[in-house]
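Everything on this sheet refers to the single structure shown next.
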Amino acid sequence: MTVVASATVDLPVYARVIGHAWPDLAEPIRRFHNPNPEVRAWGRLRFSCGQRWLARMIARLIGFPRPGLAVDTRLAVSRQQPPLGSAAEHWHRTFAGHTVATMMYQTAAGVLAERYALLEFQFTLSATDGSLIYSHRQTALMIGSRRWRLPDACAPYIEAREDPMDHHRININVRMTLPWLGPMVTYDGTITIEDRPV
């Protein structure tokens, strides 16, 4: 994993990646993506899985829950402590007791990367009418310091967006697809950002 080290390292990861478009994001989205040092949120999301048994099995192995209309969801995002400093963020998601933990960081190319186990997903970020749009660029296999980009024909593909609801709430929509299996998992719904202690 290559983490950017620069004079902007104290900015949140998302602010550094999206750059001048950061002020264009709605206030609750900027607040959610500014863990200082931590931000938490909760909600009940709707989960659906692909029709093929292999897609459902992979989703379960990753840690996603069984399909449901109101799956209890908890999120905790914190800035990574030394030696990485604030150049990375740890995302801890709990879906009905199932945990999915990932690391977010800015790559040397200036895009957002999300690391899950041996996989790295890269995204460009954009702001549209206050919403945050994730555009999937590529997926890679990571073993130690070695990185191999996976062919698009066999790599997982992720579509995601966040839309503001009010000062404390964000609507999220995430869809993961495998080209050779079709949809693997989709989840959407509203999360509420917890107030930080004064």
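Coupling constants for segment 21-26 follow from the phi torsions by the Karplus curve (6.51 cos²θ - 1.76 cosθ + 1.60, θ = phi - 60°), and in residue order they are 7, 3, x, 6, 6, 4 Hz; glycine and proline get x.
Our analysis of segment 102-198 gives Rg over Rh at 1.02, with the two radii drawn from alpha carbon positions and Rh computed by the Kirkwood formula. Every helix of 4 or more DSSP H residues in the chain counts as -39500 (n - 2.57), and over all residues that averages to -3000 deg cm²/dmol at 222 nm.
Averaging 1/r across all pairs of distinct Cα atoms in segment 13-193 and inverting the result yields a Kirkwood radius of 16.8 Å. Here the label points at Y116 and M165, each 7 Å from Cα along the C-beta direction, are separated by 2.2 nm in the simple model. Protection proxy ranking of 144-153, 182-191, by the mean of other Cβ atoms within 10 Å over each peptide's residues and highest first, is 182-191, 144-153.
Every number here is computed from the coordinates shown, using simple stated rules; none is lab data. All values derive from a computational prediction rather than experimental measurement. Note: ideal-geometry Cβ built from the backbone for every residue, glycine included; neighbour counts use all protein chains shown.
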